[in-house]
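Worksheet for the structure shown next.
The values are calculated or read from the model by the stated rules, or taken from the named source; none is laboratory data. As the structure is a computational prediction, the values presented were derived from the model and not from experiment. Counting neighbours? That spans all protein chains shown, and the Cβs are built from the backbone with ideal geometry, glycine included.
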Amino acid sequence: MLPPERLRYVGFSHVEADECGSLNDWLAAAPQAEPMCGSVAAMVSVNDLADRPARALADGERLDLGTHSIRWFDAPHLPHGWECGYLMHGTAGTLFCGDLFSQGGATHPPLTPSDILGPSEAFRRVMDYYAHAPQSRATLERLAAAQPVTLACMHGSAWQGDGAALLRALADALLA
Ligand SMILES: [Fe+2]
Ligand SMILES: [Fe+2]
């Protein structure tokens, strides 16, 4: 937790109301903050809709935040949005994985070692929000190669375990 006026960046995965609908409210509350997103998001949307210019991250770019560092992965159309991408915490091994592994329902523990692929696949069977782009397996493999140990999901519990294995299992499920 920190006061908003100390925020340097407001980062997000892709342009959608639940991802960044409050972006300009955050920029108003955090006068030093810049929007942080992938270069495609900056080009097609954020530099038009945000009240301040974006700090656009290139694919694979690392950014030193002082005590922490982060890395950006472009993930076009995974699960959706040309501009989609993900931030990974450099040392903690946390992948902020947005809509990947979305679990339905309103009551979830904040962090679980239990299976989230089964529940997220059950949710996807009812409401398939994936673009099913041809490069999805390769994109998931790049995320797996970063070997996350925590998958910080936007919808549902965050998950702790062998993130590479679970990302590869997701790739198998998408292509099944
Ligand atoms: Fe989304
Ligand atoms: Fe979402």
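A few points about this structure:
- The single condition among (1) within 16 Å of ligand 2 (Cβ to nearest atom); (2) over 22 Å from His14 (Cα atoms); (3) surrounded by fewer than 18 Cβ atoms within 10 Å (Cβ to Cβ) that Asp162 does not meet is (1).
- Positions within the range 19-68 being part of a loop (DSSP other than H, G, I, E, B) and under 24 Å from Arg137 (Cβ atoms), in sequence order: Ala58, Asp59, Gly60, Glu61
- The single condition among (1) away from ligand 2 (no atom under 16 Å from the Cβ); (2) of a type outside the set (Asp, Glu); (3) outside the structural domain of Ala133 (by TED's automatic domain parsing) that Phe12 does not meet is (1).
- Scanning the range 45-80 for residues that are surrounded by 15 or more Cβ atoms within 10 Å (Cβ to Cβ) and β-branched (Val, Ile, Thr) yields Val46, Ile70.
- Residue that is nearest to ligand 2 (Cβ to nearest atom) [pool: residues in the range 69-116 that are in a loop (DSSP other than H, G, I, E, B) and aliphatic (A, V, I, L, M)]: Leu100
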